[in-house]
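A short reminder: the numbers here are calculations on the coordinates, not readings from a lab. All values derive from a computational prediction rather than experimental measurement. Positions of Cβ are generated from backbone atoms using ideal geometry, with glycine treated the same way; all protein chains shown enter the neighbour counts.
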Amino acid sequence: MRYAMAVDTKKCVGCSDCVVACQTENKVPIGYCRDWVVEVMDGTYPQLEIEIRSERCNHCENSPCVRCCPTGASHYADGGVVLVTPDECIGCGACIASCPYDARYPHPDGYVDKCTFCLDNRVKKGLDPACVSVCPTKCMYFGDLDDPNSPVSKVLKKRKFKTLIPEAGTQPQLYFLI
Amino acid sequence: MKEELIISGRMNQFIDPTLHIWHWHIPLYLFLGGLSAGILFFAAYFTITGKEDKYPTAVKLAPFLTPVLLSVGLLALLLDLKHKTYFWRLYTTIRIESPMSWGAWTLMVVTPLSFVWSALNIKTLFPNWDWKYKFLYDLEAFFRKNIKPIAWILLIFSLILGVYTGILFSAFNARPLWNTSILGPLFLTSGLSTGAAAIVLLSRNHAERLTFARIDLMLIGIEVFLIIHMFMGFLASTQVHIEAAELFLGGPYTTPFWLFVFTLGLAVPAVLEMLELKKFHLPYWIAPALVIAGGLIFRFLMANAGQASRWLY
């Protein structure tokens, strides 16, 4: 089982519903975000191109955060999802410095927090992650890459896609349809 | 033109607008750890080679600093943790892939040994010291009998302590400035150099001072070579590494680095030490004080600039 997510940059309008849904579902402390929306503007007026991406932890297959964690609090859970066990985390910040996507932050309670793909609270109950389920343009696809019939496998077969900074060697599992 | 913006609003503390998760604690610890590693390395080395009487400051006096320096460093590390009461989790596992894990275990070996070493030489500071209890005398006799093996362990672990601080940073490929294997040897050399400088500062013996000034001069030479090598490597690498080097080559860290670290922390003390060796009589403390200050500033600049360097996507 390999959980992955694909975000359609052609359909995303940057409404930030995914961000609010995540904050509500996961009780993210006020002032923090586990996911965010990036707008890239390329070119010179009037020849402009916009790419909008809903971003979060890339749940890398070769995660620098899991490698550098001195206690094993950062770990691979079911389906390759990268999680942090709060009461094993000492809050040293190594994983935060090691993430090329800046996807982690120290929770006000001390441990390091980040996107979980809603693994325990939704995915294991057969639901999509909160961000995927609320998207008004249905631009996000989630599922198991080992299952050829999962929404994410199907869309990645049909469409061109990219990952962020593949040259960092992290093997990210967050795909962007282009 | 390409412009990239977070449009959903994000201001995660310590992450945005640029990473600043590590403040003064980490660079201070890196400096104190490197300095202690340097002092303990020379103490162990000259014990193994049987030169305790020739270099009494290096072997007996200077190591008194290390329990204090390491304790302050450990306190800084503890203060840096955001989940402080869970610090003991470091010692429930050994994670080979995590330099921070083996650093924590190295400190677990070096710190007690620094206390043992000071205890064995306590009569250097307090000639009338009395251990009071027989078991303490027995313990002292045991350590004294095994001083050579202890010195070997200390020699190896002081080198690991000196080099790991650099490897800790270089293991982060997310921060291009740190992501160079030169950083381990560079921090080790800087640590040994500040250690030698501390011995020069403390020594009252002219011959010993000259020997350590000579050692320090050699270490400064190696450090300059490694720094030049590091920037050459960056400039011959990818765009993100070029941009990391440019933080120091025209960017915001240019003046602090080339003025305080390179000129005042390396070049000037090297010239002063050369003059000292040529028998010009200058106040002997200037060169080592500059070396030590340079080492401290160097750690702060590397820690801060590294967090400012990043991948672009």
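The average projected area of the protein assembly as shown, computed from the convex hull of its Cα atoms over all directions, is 27.0 nm².
Between the alpha-carbon centers of region B:242-272 and region B:1-70, tell me the distance in whole angstrom. Here the two parts' Cα centres lie 19 Å apart. R0 = 35 Å: FRET efficiency of B:Met1 with A:Lys158, Cβ-based, nearest 0.05? Efficiency at R0 = 35 Å is approximately 0.65. Given axes a ≥ b ≥ c from the Cα gyration tensor, I'd like to know whether chain B is rounded (a/c under 1.5), prolate (a/b larger than b/c) or oblate. In terms of gyration-tensor shape, oblate. Averaged over peptide B:87-99, how many Cβ atoms belonging to another chain are found within 10 Å of each residue's Cβ? Shielding by partners across B:87-99 averages 5. At full extension, B:Trp131 and B:Leu259 could sit 41.2 nm farther apart than now, given 0.36 nm per residue minus the alpha carbon distance. On a 30 Å Cα-Cα criterion, which of the cross-link pairs B:Lys82/B:Lys123; B:Lys84/B:Lys145; A:Lys27/B:Lys2; A:Lys125/A:Lys158; B:Lys60/B:Lys132; B:Lys60/B:Lys82 come out too long? Violating the 30 Å limit, Cα to Cα: B:Lys82/B:Lys123; B:Lys84/B:Lys145; A:Lys27/B:Lys2; B:Lys60/B:Lys82.
Roughly what percent of Cα-Cα pairs across region B:4-44 reach past 16 Å? All intermediate terms of the calculation are to be shown ahead of the outcome.
Working: 483 of 820 pairs.
Across region B:4-44, Cα pairs with separations above 16 Å total 59 percent.
For peptide B:21-27, the mean count of partner chain Cβ atoms within 10 Å of a residue's Cβ comes to 3.
Look at the dipole of chain B built from charges on Cβ: of B:Ile153, B:His241, B:Thr124, the Cα furthest out on the positive end belongs to B:Thr124.
Is there a quick way to get the dipole size of the protein assembly as shown? I mean about its Cα centre, with the Cβ of Lys and Arg at +1 and of Asp and Glu at -1; what is the value in debye to the nearest 20? Present the calculation step by step, with values, prior to reporting the outcome.
Details: 43 positive and 39 negative charges, 176 e Å.
Computed about the Cα centre, the dipole is about 840 debye.
Radius of gyration over Kirkwood radius for region A:3-177, both on Cα atoms: the Rg/Rh ratio is 0.96.
Helix-only mean residue ellipticity at 222 nm, the protein assembly as shown, DSSP H runs n ≥ 4 weighted -39,500 (n - 2.57), per residue, nearest 500. What is it? Write out the running numbers ahead of the final one.
Numbers: 16 runs with 225 residues, N = 491.
Result for the protein assembly as shown: -15000 deg cm²/dmol, rounded to the nearest 500.
Specify the residue with the greatest mean-square fluctuation among B:Gly295, B:Gly34, B:Gly221, computed from a Gaussian network of chain B linking alpha-carbon atoms under 10 Å apart. Evaluated over chain B, the most mobile residue of the options is B:Gly221.
Which helices, counted as full DSSP H runs in chain B, have an axial Cα extent of no less than 27 Å and a Kyte-Doolittle average of 1.0 or above?
Those that clear 27 Å and a mean of 1.0 are B:25-48, B:99-120, B:147-170, B:183-202, B:206-235, B:286-308.
Partner lysines whose Cα lies under 17 Å from the Cα of A:Lys157, excluding those fewer than 8 positions away in the same chain, are identified as A:Lys10. Percent of Cα pairs in region B:39-122 per distance bin of 5 Å, from zero to the largest separation: 3, 13, 20, 20, 15, 12, 10, 5, 2, 0.
Only Cα pairs under 8 Å and at least 6 apart count here; give the relative contact order of region A:3-177 as a rounded whole percent. Numbers along the way, then the final one.
Values: 324 pairs, mean separation 53.5, N = 175.
Computed over region A:3-177, the figure is 31 percent.
In this Cβ point-charge picture (+1 for Lys and Arg, -1 for Asp and Glu), chain A has a dipole of about 520 debye about its Cα centre.
When the chymotrypsin sites (Phe, Trp or Tyr not before Pro) in region B:93-177 are filtered for DSSP coil states and for at most 16 other beta-carbon atoms within 10 Å of their beta-carbon, the remaining sites are B:Trp129, B:Trp131, B:Tyr133. Mean partner shielding of peptide A:27-34, defined as the number of other chain Cβ atoms within 10 Å of each residue Cβ, is 3. Under the combined filter of DSSP loop state and at most 16 neighbouring Cβ atoms within 10 Å, region A:79-178 retains none of its chymotrypsin sites (Phe, Trp or Tyr not before Pro).
Positive end of the dipole of the protein assembly as shown (Cβ unit charges, origin at the Cα centre): among A:Ser74, A:Gly31, B:Ile94, the Cα lying farthest that way belongs to B:Ile94.
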